[in-house]
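Right, one structure below, let's go through it.
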Amino acid sequence: MENSKRKGRDVANSLLGRSCSSLGLAIVLSAVGLLSGLLHSANSFAQRAELSPATSCSEIVAAIKRLAAAEHEQAQALQLMARGGSPALVEQKLQILLERKRALQQTLKRISADPVAEEKTVDQCLSNGYQALYQSERLTANIERILMGNRFPSSGFSPLSDLGSRSSTHP
C-alpha cells in the first residue's frame, strides 16, 4: 500500500512538475512573442523616423546614380554591338537597366507616399527622380526597338540609327 502511495505521489509530482514547466514554457514563449512584436514596432518606427528630407534625397540620388551607371554600361554594350558584337550583351545590360529603373520607381513611390514628400527639397529631388525615370523609359524603349530590329533585319530598320539623339542621357 505504501508503495502505491509513493507511486501516486511520484506521478502527481511528475505531472505537477510538467505543468509547471509547461507554464514556464508558456510564459517564456509569451515573452518572446511580446518582445518580437515590440522589436518589430521599434523597427517600423525607426524606419519612419529615418525619412528626413536629407535621407530621402540621398536615397533618390543614389538610385539615380545606379540607374545612370546602368545606362553607361548599356551604352558600352550598344557600341560593341554596333561594331559587330553580340546582342546578347545588350540584352543582359537591358535587364540590369530595367531592374535599376524599377528600383528608382519603387524609391520614388515610397518617398512620395511619405509626409516628408511635402518638403520643398524633397519635392525637387522627387522631380529630378521622375525626370530620370522618364528619360530611362525612353531609352529602354529605344533599346528594345534596336534589339527587335536586330532580330528582324528584313524590316529595313537600321538598329543603331536612333541612337544619335540619346548619346549623352546621364543626369
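The table that follows gives values for the structure above.
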{"item": "In sequence order, calculated HN-Hα J values of segment 128-141 (Karplus, 6.51, -1.76, 1.60; Hz; x Gly/Pro)", "result": "4, x, 5, 5, 5, 5, 5, 5, 5, 4, 4, 4, 5, 5"}
{"item": "Segment LYS109-GLN131, extension gain: residue separation times 0.36 nm, minus the distance between their alpha carbons", "result": "6.5 nm"}
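Readers should treat all values here as calculations from the given coordinates under stated rules, not as data from a laboratory. Computed from a predicted model, the values in this text were never measured in an experiment.
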